[in-house]
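Data block below; observations after.
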Amino acid sequence: MSEKLPVIVAGGGIGGLAAALALVRRGFKVLVLEQAAEIGEIGAGIQLGPNAFHAFDALGVGEKARGRAVYTDYMVMHDALDEYEVGKIPTGEAFIKRFGNPYAVIHRVDVHLSLLEGAQETGEVEFHTSTHVERVEQDDAGVTVICSGGKSFRGAALIGADGVRSVVRDQYVGDPARVTGHVVYRAVVDKADFPTDLQWNAASIWVGPNCHLVHYPLRGGEQYNVVVTFHSRGKEEWGVTEGSPEEVQSYFQDICPKARQLIDLPKSWKRWATADREPIGQWSFGRVTLLGDAAHPTTQYMAQGACMALEDAVTLGEALRVHDNDFAKAFDLYQRSRIARTARIVLSSREMGRIYHAKGVERLVRNDLWRGRSAERFYDAMEWLYGWNVDNCLARN
Ligand SMILES: Cc1cc2nc3c(=O)[nH]c(=O)nc-3n(C[C@H](O)[C@H](O)[C@H](O)COP(=O)(O)OP(=O)(O)OC[C@H]3O[C@@H](n4cnc5c(N)ncnc54)[C@H](O)[C@@H]3O)c2cc1C
């Protein structure tokens, strides 16, 4: 009987839409409940590893996403004090051959749109916007999701894909956020306004004491994404606000002029005070499970949060397939398949932040870490991350 009910997804972000697609592929009708007035994304870029493209393919939207991405020639890290090249990893033909898919940079809106179009084309996903999930009740036959304004929805199960401040996680886990004190400013700049000496077809990072700067092309090179991060002098609270050019200017006094150009460019910035949470050992609670940032909120230093949300969705679909749509068994297999991998991202990301922001002798160690390393050795080190695909996504025990 419960299979006749739709599955409910809380949140219409990248994770929620990917989950909706995975569920439709398992034969379910899906209700997506989104608090915003429209289903959409913020205007910023995102990096996608080959694992994300494996996930897009498994969700049936690989071609849509590929058509909107920019394929980089390499990733490069420079020391922001003296322009020293700390590491460079080619992401051209050899990389694609090794991992079966490209490394790409893309506008978040274009990732989201690819998933949204895919979901709409199925005709099996119903969207309810301006619908804020408040809590969920469950019984033997299904779940009742209660939203603000007294609305409620009945479903066979609930996927909590409601992001870093997940209400669903709060109800079942209730753990605190770990505010980092690291602040991120993001902006998208037109090519005409972007310095010609930085117009590289690469995911580029400048690493400096207590700060770093990232830039890469978007939309066929017509735009550039600019992201700068610094350790705040003040006490931060987790959240997104409008940025102030004066504030960001005040943090990058010591870095080299070439990198410093980046902070002078944007006319307006968005400001993120970032946080993550300690990884947890349980995401599934009866007919409810968590997905994406709701399950494993992370700092952004591995550039993998959205990639992990896409992987989660594919793995959820596979777990349902293996267990013939039995939610309890599938949700258990799903969490067993995902917890260690996503915790590795959260923990590695914290470590990567330390490496990026090294100063003094630690900076010298950082600059020596990858000296003379061949592309093949870099690829070997990335195998655990980029070697993920639909065929190896499920836990074997
Ligand atoms: C600065 C920065 C850079 C990043 N760069 C990268 C990168 O390069 N590569 C990468 O892979 N990832 C990156 N990420 C991470 C990535 O953005 C996230 O991991 C990803 O967007 C998570 O998707 P999600 O769907 O789980 O959550 P979200 O995108 O947050 O979506 C959650 C959705 O749920 C809705 N919602 C929330 N609460 C409720 C509620 N109670 N009821 C109904 N709806 C609700 C929200 O409105 C939203 O639409 C970056 C993140 C940051 C902050």
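The values are calculated or read from the model by the stated rules, or taken from the named source; none is laboratory data. Because the structure is a prediction, the values reported are computed rather than measured. All Cβ positions, even for glycine, are placed from backbone atoms using ideal geometry, and neighbour counts span all protein chains on display. For accessibility, only protein heavy atoms count, side chains too; no ligands or nucleic acids. Shrake-Rupley method; radii C 1.70, N 1.55, O 1.52, S 1.80 Å.
Entry for region 306-397 at q = 0.19, 0.25 Å⁻¹: log10 I(q)/I(0) = -0.92, -1.25, Debye formula applied to identical alpha-carbon scatterers, no solvent contribution.
Relative contact order for region 261-397 using alpha-carbon pairs under 8 Å, separation at least 6, rounded to a whole percent? Relative contact order here is 25 percent. What separates the Cα centres of region 100-125 and region 239-263 is a distance of 32 Å. Restricting attention to the chain, close to 70% of DSSP beta bridges with both partner residues there are antiparallel.
Taking all protein chains in place and a 1.4 Å probe, what share, in percent, of the accessible surface of the chain do carbon and sulfur account for?
Whole-percent figure for carbon plus sulfur exposure: 49.
Once the C-beta distance of Asp175 and Val365 is scaled by a Förster radius of 45 Å, the resulting FRET efficiency is 0.85 to the nearest 0.05.
Averaging 1/r across all pairs of distinct Cα atoms in region 1-64 and inverting the result yields a Kirkwood radius of 13.2 Å. The Ser374 and Arg260 beta-carbon pair, evaluated with R₀ = 45 Å, returns a calculated FRET efficiency of approximately 0.90. Per-residue packing, averaged as other Cβ atoms within 10 Å, sorts the ranges 52-62, 11-21, 358-368, 122-132 into the order 11-21, 52-62, 122-132, 358-368, beginning with the highest.
Normalising the average separation of contacting C-alpha pairs (under 8 angstrom, six or more residues apart) by the number of residues puts the relative contact order of region 1-150 at 31 percent.
The accessible-area ordering, largest first, of the residues Asp254, Asp82 stands as Asp254, Asp82, per a 1.4 angstrom probe. Dividing the mean sequence gap of close Cα pairs (under 8 Å, 6+ apart) by how many residues the chain holds gives a relative contact order of 22 percent.
Can you work out the FRET efficiency for the pair Ala381 and Asp190, with r the C-beta to C-beta distance and R0 = 41 Å, to the nearest 0.05? FRET efficiency, Ala381 to Asp190: 0.70. In the context of the full set of protein chains, region 260-300 has a per residue accessible area of 34 Å² (1.4 Å probe).
Roughly speaking, what % of Cα-Cα pairs in the chain are separated by over 41 Å, rounded to a whole number? Don't skip to the answer; put the middle values down first.
Values: 10055 of 78606 pairs.
Here the tail beyond 41 Å accounts for 13 percent of pairs.
For region 72-81, putting each phi into the Karplus relation 6.51 cos²θ - 1.76 cosθ + 1.60 with θ = phi - 60° gives couplings of 7, 8, 6, 10, 9, 10, 10, 6, 6, 7 Hz, in residue order, rounded to whole numbers and with x for Gly and Pro. The lysine pair count for the chain, using Cα distances under 26 Å and pairs eight or more places apart or on different chains, is 21.
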